[in-house]
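To keep things clear, I will list the structure first and then write my remarks on it.
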Amino acid sequence: MSSELARYIGMRFIQFLVVVFIAVSVNFFIPRLLPGDPIESLIARLQSAGGSQEMDSQAIIDNFREKYGLDKPMMTQYLNYWRDLFRFDMGVSLSSYPQPVSQMIRQALPWSVGLLATATLIAFTLGSVLGALLAWPRSGRIIRTIVPTLLVLSTIPFYLLAMILIYLFAVLWRIFPPGGGASPTLIMEWDWPSFVNIVHHGMLPGLAIVLGSVGIWALGMRSQTVSVLGEDYITFAEAKGLAPRRIFLRYGMRNAMLPQVTALALSLGHVVSGAVLVEVIFNYPGLGALLYNAVRGQDYFLVQGVVLILILTLAVLLFIIDLIYPLLDPRIRR
Amino acid sequence: MNDGDKTRVLDVRDLEVHYDTREGPAKAVDRVSFSLRAGERLGLIGESGSGKTTVAMALMRLSRPPARIAGGEVLLADRDLLKLTDAELRQTRLRDIALVPQGAMSSLNPVMRVGDQIADAILAHRRDLNRKAIRTRIVEGLANVGLDPSVARRFPHELSGGMKQRAVMAIATSLAPKVIIADEPTSALDVVVQRQIIQTLGRLQDGLGAAVVLIGHDMGLIAQFSDTVGVMYAGRVVELGPVQQIIETPRHPYTRLLIDSLPGIRERKALRGIPGLPPRLVNLPEGCRFAARCPFAFDRCRAETPEQQTVASYHVAACHLYPQHDSLPPITASEDTA
Ligand SMILES: Nc1ncnc2c1ncn2[C@@H]1O[C@H](COP(=O)(O)OP(=O)(O)O)[C@@H](O)[C@H]1O
Ligand code: SF4
Ligand SMILES: [Mg+2]
């Protein structure tokens, strides 16, 4: 059995590598097949930004072409691209020239991961528990009132929900700041005040994500639980004389969770695209906002870098879920 | 049928179970009565849809909507199971009366090891046992049903159909219940395994001295196992008596046709070959439920519902032919047209 497990993990890892390979390659080729020349547009931008009118533009262009090997054959460029990636070199930002893309990503990534991972996990866990309770015939009236209310919240368009939250909590009651990742005056340290400050800023976007999705998780879990509660093993568990709590948790929820985890894996893409919206609305310094600004500023290298990191993050998360899943479902260890 | 109440471990009286449907209640189990002495083996036979599983679930008080226990008593040592509190009911299940459910293949929790599922059952009733004692009981329980101790560490999907059936039986007998209800424990198994499972059930029964209700639709298997046979038709027990008499001199016309339709009792065959269909169970009129298919039917059958009559010692039948007749008259040619 453990050799089966090893084989399973091996297969998943190979899949992971293939996904990464394809993602990186697509990310390399697509911009090069599109019309337009990023370098020329960079130079144009730099010149129009003023300052160095006297610049010898042709020299700069040549300089860039050489630096990025754009004068070399495609295959060489491709190999260089891989080589640069391993050095975490993704070029420089055009809109924040000459800041390296890798550095900008490194600054933005922790914000996104922190906010989205926390909020998604809370929404997922809360929604799953509430949904399961909603399906459980013994749960009380409170559950039957709360959960449908949350469902309604999840149907409100996200930007509207976010605006309502900002209005209520930041404008009307002034409990949370309306945006930003931390106070501008905060000196970031690994200490308690920094932590509190960051959490305080994360509350509103986090709340928006949780409220916007908890109902969806609850709905999914409710229908999974309803169908699991109809299974023969639930009846047999009752015939054994088990306590209702035990049946609910170990026989009911435990099985209803399995498709939920699959759904989580499938929805990770949405989580990432949702990130753009959240971060833009709440002016949050994460990858989503970075991507949004990069697209608006036609910042080729930055767009490319962020997209690549997003895809890699997704691949890593899927890989992790793939690894967790056989622990949850013994039937999966193929 | 009267042999002193003291030895009866299970006494079912006028059990009624209805399925609430849009057109009204479907009387899927109608005034079913039978009793079991300690160690007795009762076979409950009837075609698919005759209400056997509905009875089994009601005996465990596991009926769920749309099913509803509409009346009757299920007496376990003089306590009515249908009147217990939830807590008492939980204690009674498995300890006093245990179910080997229909569809044992899907009755094991797919994400729990077999041993944990047995331990769960024991722990629900015996908080006093320590880990080692439970471990010992698991190994014994598995051995009793012919399974290796290593099965405890396996997940259900790693077991064959027959092994799953045995594991379910190990769980059902883990607290040495006085009554075991086995609902078609051999369905979905091949013939060789079927026979082994029935033998295992017999051995378990002997060892525990438990009374068993074996439910099935296969007269061969039922006859092989049982002391007493009850025949169900459309929610009623139409005949109940010692296995020998049921097979050799059936008194109820349905039982008779059932046995005639078998090519030979030694060859195991599913029930088939009686013309017509059982009635719909909603808005049933007065009268015998078998009347539309019965070659002996006469006017009274369509007007009055037959009650159980004693036709021989320990032998009852619900048919208007009794007590006027001693035994079933021969089926005449004119009536036997279908
Ligand atoms: N959920 C249900 N709703 C309505 N009627 C049902 C339901 N389940 C079973 N029945 C009816 O109850 C009768 C008895 O079913 P069942 O006890 O499963 O029979 P058996 O076990 O003998 O095959 C059948 O005629 C069926 O139509
Ligand atoms: S009561 Fe009448 S219809 Fe019913 S089985 Fe007896 S003879 Fe047939
Ligand atoms: Mg059945």
Going by the conditions given, is A:L291 farther than 30 Å from B:L89 by Cβ and within 16 Å of the chain's Cα centre (by Cα)? yes
Can you name the residue in segment B:173-183 that is more than 10 Å from B:L201 (Cβ to Cβ) and aliphatic (A, V, I, L, M) and, of all such residues, is most open to solvent (accessible area, probe 1.4 Å)? B:A176
Filter segment B:120-151 down to the residues that are outside any helix (DSSP H, G or I) and touching a residue at least 40 places away in the same chain (Cβ under 8 Å), then identify the one that is nearest to the other protein chains (Cβ to nearest Cβ). B:R126
Which listed residue is over 22 Å from A:T120 (Cα atoms) and away from chain B (no Cβ under 14 Å), from A:A294, A:A289: A:A294
For segment B:165-186, pairs from a residue that is more than 19 Å from B:G43 (Cα to Cα) and within 16 Å of ligand 3 (Cβ to nearest atom) to a residue that is outside any strand (DSSP E or B) and modelled with pLDDT of 95 or more, with Cβ under 8 Å and 6 or more apart or across chains, are B:V168/A:F236; B:V168/B:S107; B:V168/B:L108
Within segment A:219-257, tally of residues that are in contact (Cβ under 8 Å) with a residue 60 or more places away in the chain, surrounded by fewer than 19 Cβ atoms within 10 Å (Cβ to Cβ) and either more than 11 Å from chain B (Cβ to nearest Cβ) or within 23 Å of A:P326 (Cα to Cα) (or both): 2
Give segment B:50-101 a look and list any residue that's within 15 Å of ligand 3 (Cβ to nearest atom), at pLDDT 95 or above, open to solvent by 10 Å² or more (accessible area, probe 1.4 Å) and facing chain A (nearest Cβ under 10 Å), or say none. B:M57
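Return yes or no: is A:L161 within 15 Å of A:P205 (Cα to Cα) and surrounded by 15 or more Cβ atoms within 10 Å (Cβ to Cβ)?
Values: within 15 Å of A:P205 (Cα to Cα): yes; surrounded by 15 or more Cβ atoms within 10 Å (Cβ to Cβ): yes.
Answer is yes for this residue.
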Considering only helices (runs of 4 or more DSSP H) wholly within segment B:210-262, the ones with at least 3 residues that are within 16 Å of ligand 1 (Cβ to nearest atom) are B:219-225, B:253-260
Some residue of segment B:16-23 being within 14 Å of chain A (Cβ to nearest Cβ) and either open to solvent by 20 Å² or more (accessible area, probe 1.4 Å) or near ligand 1 (Cβ under 8 Å from one of its atoms) (or both): no
Mind telling me which of the residues B:A188, B:A170, B:A223 ends up being within 26 Å of B:T53 (Cα to Cα), within 14 Å of chain A (Cβ to nearest Cβ) and at pLDDT below 95? B:A188
Scanning segment A:289-315 residue by residue, the ones that are in contact (Cβ under 8 Å) with a residue 40 or more places away in the chain and assigned to a helix (DSSP H, G or I) total 18
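The values are calculated or read from the model by the stated rules, or taken from the named source; none is laboratory data. These figures come from a predicted structure and were not determined experimentally. In this analysis, Cβ positions are derived from the backbone assuming ideal geometry, glycine residues included, and neighbour counts consider all displayed protein chains. Keep in mind that these areas ignore ligands, DNA and RNA; they rest on the heavy atoms of the full protein, side chains included. Shrake-Rupley method; radii C 1.70, N 1.55, O 1.52, S 1.80 Å.
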